[in-house]
Amino acid sequence: MTAAAQPLPAARRSKRMTPARWGLYAFIFITALYFLLPLYVMVVTSLKPMAEIRQGNLLALPVAPSIDAWVKAWTSACTGLTCQGIKIGFLNSLRIMVPSVVISILVGSLTGYALSLWRVRGGNILFGTMMVVAFIPYQVFIYPLVRVFSFTGLGQSLLTIVIIHTIFGLPTMTLLFRNYFASLPVELFKAARVDGAGFYQIYARIMMPMATPMIVVAVILQTTGIWNDFILGLVFAGRDNLPMTVQLNNIVNSTQGERAYNVDMAATLLTALLPLVVYFGSGRWFVRGIAAGAVKG
Amino acid sequence: MQKSNVDIRSLQIGFGGLKVLENLNLNVEASEFLVLLGPSGCGKSTLLNAIAGLIDVRGGEIHIGGRDVTWAEPKDRGIAMVFQSYALYPRMSVRRNMSFGLSVAGTPRDEIERRVGEAARMLQLNSLLDRRPSELSGGQRQRVAIGRALVRHAGVYLFDEPLSNLDAQLRAELRVEIKRLHARLGATMIYVTHDQIEALTLADRIAVMQGGVIQQLDTPKKIYREPVNRFVASFVGSPAMNFIPGRIARDGETGFIAGANRLGLNGYAFRGLPTDAPAVLGIRPEHIELTASDDPSAVSARVEMVEPMGADTLIWCRLADNTAFSFRHDADAQVCVGDTLNVRFPAEALSLFDEISGQRL
Amino acid sequence: MRLSLNSRISAITALLPALLVMLVVYIGATGWTVWMSLTNSRMLPNNNFVGLRQYEMLFGNDRWITSVHNIVIYGVLFVSLALSIGFLLAVAIDQRVRAEDTIRSIYLYPYSMSFVVTGLVWQWLLNPTLGIQHVLRSWGFEGATFDWIVRPETAIYCLVIAGVWQASGLVMAIMLAGLRGVDEEIWKATRVDGLPKWRVYVSIIIPMMGASFATAAVLLSTGVVRLYDLSVAMTNGGPGIASEVPAKFVMDHLFERANIGLATAAATTMLITVIAVVAPYFYWRTRKGEMR
Ligand SMILES: Nc1ncnc2c1ncn2[C@@H]1O[C@H](COP(=O)(O)OP(=O)(O)OP(=O)(O)O)[C@@H](O)[C@H]1O
Ligand SMILES: [Mg+2]
């Protein structure tokens, strides 16, 4: 270097707060506000009486917080013709979600297992096709599926929607488990084979117990995904089984007369509650889940 | 090209509660090739990164070329660095990898071209200049990384295990190349490795480190022949030095007693006055000699195992008192397991260590 | 290792559901949809082949044209904004900031919420009488107007705001994983070279993150094509038909307007668009040997 003579700052370099760091924290603070704003507004709106909402400020904290709107949203808000609150939808969503999650994980893991460890002829083609079709919008399949289900006599029912969720969850679940099983040491599989274990024994006794992390990821992914589904529930669940998202939309968007914003927001929060609990409860697992299931989104 | 010395005074570095270097002093002469050698985790990279300005120090000073650079930015220190993972910019051509830093610093274009051309010639990179790093072999990548350091025309070059990702043959080739480069540039080089062959072949001086402390700073020959403590003795040299426990006896002539055997220590350069005390004798396998049975200093040992190593053979023996040692002999030695041999431990080639402190006696 | 016959049969039976789903649902249903788009089916499917007539009608249909127009605006803005905001957020978090986990959770939580919830919240926030506009005015900005959601020319931008809010966190997570994968020594090398940080990001890091950008872009774009819930919940296509989108066009014509031929023509058009996005991506991934 030619600049040998030029003096260097001998002062202790302060690592703490340079202007650039201030800018960084300001950026983070402002963006965090943008992301938190809707959640905050939902909560405060749901706790205000309507009079306060009409006169006051959207961002203001409730003067006289009350949970009346929550009670109303849960028990007596009108979802179309009936007025039994969002709890009906909550229960429907639960009834749809639990079997769908279990069955889709079972089928997906079995498919992933067969595709990863057993060299079945055509397996790669099957897998490749699955990955491609996972991107196709539902609108392309929906009508033929409606026809098929009405032809088989299932029509719109709980069973139909569970089957539908299993079908549309299959590519992601398969991907998840196939990649996981493929990452395990193959010796494990070979040792089990040498010990004389058969296809289903290896699956149930060795592979699934080892796949606990992937099962957690899959449960998170499917729980939130199925809970948040709107279009499939709308089309396939039938009038008596409409999931929470559909009922919520009915409460908010088909109200006659004056809108009760506090009830709307309470119902919205109630609908968002389960995914939020799963999200904040699962921490990094959620990130792992979306990373692993990223191919479908 | 300027040659700078590096002077490190009472350097302290830590991560959180962990103190990695404490009160470390090191003076590297201008044009010197200094190797930092030590086991994994001993703080070699930490020291090198501190010289480069890549980590903050807690205390002490670093002077390069006579300037206090303790708090200077890496680019202002007159250093260049070569990394273990090469750290090439993957989406840039070889040429751009070498020129990017200069062009951002505003160096005139013809000057950049001149320096890149010069470095490419020195490292035989001319035909690779327009390739991406992903299109190069490991050895080529490392040469590009060296080239990127060269164009900086720095006073001090820092290498952090530059060859450890390469296979043995490439490693040997590049080692020679680096040595040639040093001879040609005459720049100061500080080189981190845990490969003792690299250290012994490249260095003007070696600093053997352990636990954040420089155990010995000396020429390769001195380090090899006169290790200052048991750690240095056992860390340097392959096959490893033999250690035989025993004690120093001063009944008349000073000697070393191990079991029933007594070795005369006439010719051993004691550092202080020898005292009667437990000690450990160290001797390198190649310094043990076969001798005749009537030699008064002969020790007889039983052969336990014979390992041919190509040029020579390593023979594992056991003394009557059960101490095991190995020694090196030409490949044509006619030795079989179970034979009894008479060997001699020449006093000039010995190292004696205090049994408790491990320091050289 | 030879597979025993039993195991071989078990493996094949285990794959039967998947095979069936592939053949019947994905391929069969897609084929049927494409076929119906070539017929003049109205309320019920029929087999009267009419060639590309439905497609001619489709592209002469105002509502479809508006939908396509909207989805292009939405797609371009949503993808570019979500990518750039998500990337900036990831870069900010990557600067070894304090409370990193909390900040990351804040950015990502909207992604756990459904489009219905997202749409309804933003509908409320953007409500001109009581929402953000009202807040601005009450703060003394008397002339402030933020009534995009009730104005036909701007309603689609409201969907963009909500969509970006929901999806930026996902981009952030993908990008952060990419940034964390950058070799620490590359950063050291740039410091020795004396490169300013912004320059490192622009010239070295962004070019290295091609895979992350591609993954995020493909995810976002396929989300664009299937955009439905957000439009239904937030504006229900309104005001008028100002924020209609193709997926909604298909659903309405299938189930409310009983025009199956037209609906399936629209669905087939969506399919072709998705293939146009996804095929190059898969080709690129396979070529790079990253197909996992
Ligand atoms: N960023 C860091 N945070 C915390 N501890 C660290 C960090 N970097 C290094 N250390 C610790 O400092 C010590 C010295 O590490 P250093 O990297 O200097 O070792 P090294 O001699 O280069 O080893 P190797 O030969 O494996 O590269 C180790 O105990 C290591 O765990
Ligand atoms: Mg190191």
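The values are calculated or read from the model by the stated rules, or taken from the named source; none is laboratory data. These numbers were taken from a predicted model, which means no experiment stands behind them. FYI the Cβ positions are ideal-geometry reconstructions off the backbone, even for glycines, and counts take in every protein chain you see. In case anyone asks, the SASA skips ligands and DNA or RNA and just uses the protein heavy atoms, side chains included. Shrake-Rupley method; radii C 1.70, N 1.55, O 1.52, S 1.80 Å.
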Exercise. If the Cβ limit is 7 Å and pairs must be 6+ apart or interchain, which residue in segment B:15-40 that is assigned by the TED database to the domain that holds B:L54 pairs with which residue that is near ligand 1 (Cβ under 8 Å from one of its atoms) and small (G, A, S)?
Worked result: B:V20/B:G43; B:V20/B:G212; B:L21/B:G43; B:L21/B:G212; B:E22/B:G212
Problem set entry | Total residues in segment C:167-190, condition open to solvent by 10 Å² or more (accessible area, probe 1.4 Å) and among the polar types (S, T, N, Q) | 0
Exercise. Does any residue of segment C:214-221 turn out to be within 9 Å of another protein chain (Cβ to nearest Cβ), open to solvent by 10 Å² or more (accessible area, probe 1.4 Å) and more than 13 Å from the chain's Cα centre (by Cα)?
Worked result: no
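Could you list, in sequence order, the residues of segment C:131-144 that are at the interface with chain A (Cβ under 8 Å from one of its Cβ atoms) and either open to solvent by 20 Å² or more (accessible area, probe 1.4 Å) or not in a loop (DSSP other than H, G, I, E, B) (or both)?
Going residue by residue through segment C:131-144, those that are at the interface with chain A (Cβ under 8 Å from one of its Cβ atoms) are C:131-132, C:134-135, C:138.
Listed by number, the residues that qualify are C:I132, C:H134, C:V135, C:S138.
For segment C:191-201, state whether one or more residues are over 21 Å from A:I30 (Cα atoms) and open to solvent by less than 10 Å² (accessible area, probe 1.4 Å).
Keep residues of segment C:191-201 that are over 21 Å from A:I30 (Cα atoms), which gives C:191-197, C:199-201.
Checking which are open to solvent by less than 10 Å² (accessible area, probe 1.4 Å) leaves us with C:192, C:200.
Yes, some residue in segment C:191-201 is over 21 Å from A:I30 (Cα atoms) and open to solvent by less than 10 Å² (accessible area, probe 1.4 Å).
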Exercise. Is there a residue being under 26 Å from B:A105 (Cβ atoms), within 15 Å of ligand 2 (Cβ to nearest atom) and open to solvent by 10 Å² or more (accessible area, probe 1.4 Å) anywhere in segment B:15-31?
Worked result: no
Problem set entry | strands (runs of 3 or more DSSP E) enclosed by segment B:5-76 - at least 2 residues per element that are of a type in the set (S, T, N, Q) | B:6-15, B:18-28
Exercise. Scanning for something more than 11 Å from chain C (Cβ to nearest Cβ), loosely packed, with under 15 Cβ neighbours inside 10 Å and aromatic (F, W, Y), does segment A:72-87 turn up at least one residue?
Worked result: no
Problem set entry | Filter pass, B:S40 being closer than 27 Å to B:I223 by Cβ, more than 14 Å from chain A (Cβ to nearest Cβ), more than 16 Å from ligand 2 (Cβ to nearest atom) and of a type in the set (S, T, Y) | no
For this session: Count, please, the residues in segment B:129-171 that happen to be among the small types (G, A, S), more than 16 Å from ligand 2 (Cβ to nearest atom) and under 20 Å from the mean Cα position of the chain (by Cα).
Result: 1
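Given the criterion at the interface with another protein chain (Cβ under 9 Å from one of its Cβ atoms), not in a helix (DSSP H, G or I) and not basic (K, R), identify the matching residue among A:P137, A:P144.
When all the criteria are applied, what remains is A:P137.
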Exercise. Looking at B:G139, is it at pLDDT 90 or above, open to solvent by less than 50 Å² (accessible area, probe 1.4 Å), assigned to a helix (DSSP H, G or I) and not aliphatic (A, V, I, L, M)?
Worked result: no
For this session: Would you tally the residues in segment B:36-56 being more than 10 Å from ligand 1 (Cβ to nearest atom) and open to solvent by less than 10 Å² (accessible area, probe 1.4 Å)?
Result: 3
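Quick grid of which residues meet (1) open to solvent by less than 40 Å² (accessible area, probe 1.4 Å); (2) on the phi > 0 side of the Ramachandran plot; (3) not in a loop (DSSP other than H, G, I, E, B):
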site	(1), (2), (3)
B:A269	no, no, no
B:P296	no, no, no
B:S300	no, no, yes
B:E307	no, no, yes
B:G310	no, yes, no
B:T313	yes, no, yes
B:F325	yes, no, yes
B:H329	no, no, yes
B:Q334	no, no, no
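Going through segment C:1-45 one residue at a time, which ones are β-branched (V, I, T) and either assigned to a helix (DSSP H, G or I) or under 17 Å from A:G122 (Cα atoms) (or both)? Give the derivation first.
Filtering segment C:1-45 down to residues β-branched (V, I, T) leaves C:9, C:12-13, C:21, C:24-25, C:27, C:30, C:33-34, C:39.
Result: C:I9, C:I12, C:T13, C:V21, C:V24, C:V25, C:I27, C:T30, C:T33, C:V34.
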For this session: Please enumerate the residues belonging to segment C:244-264 that are farther than 22 Å from C:V277 by Cβ and either modelled with pLDDT of 90 or more or touching a helix residue (DSSP H, G or I) at 6+ places or on another chain (Cβ under 9 Å) (or both).
Result: C:D252, C:H253, C:L254, C:F255, C:R257, C:N259, C:I260, C:G261, C:L262
Exercise. Of the residues that make up segment B:45-55, is at least one at negative phi and away from ligand 2 (no atom under 16 Å from the Cβ)?
Worked result: no
For this session: Show the residue pairs that are 6+ apart or on different chains and have beta-carbon atoms under 9 Å apart, the first residue being within segment A:38-62 and among the acidic types (D, E), the second being open to solvent by 50 Å² or more (accessible area, probe 1.4 Å).
Result: A:E52/A:V63; A:E52/A:A64
Exercise. Restricting the first residue to segment B:117-142 and requiring it to be closer than 20 Å to B:A168 by Cα, which pairs with a second residue that is charged (D, E, K, R) and at pLDDT 90 or above meet a Cβ separation below 7 Å and a spacing of at least six or different chains?
Worked result: B:L123/B:R143
Exercise. Going by the structure shown, is B:M98 surrounded by 17 or more Cβ atoms within 10 Å (Cβ to Cβ), within 11 Å of another protein chain (Cβ to nearest Cβ), away from ligand 2 (no atom under 15 Å from the Cβ) and not in a loop (DSSP other than H, G, I, E, B)?
Worked result: yes
For this session: Output the residue which, of all residues in segment B:12-35 that are near ligand 1 (Cβ under 8 Å from one of its atoms) and more than 14 Å from every other protein chain (Cβ to nearest Cβ), is nearest to the chain's Cα centre (by Cα).
Result: B:V20
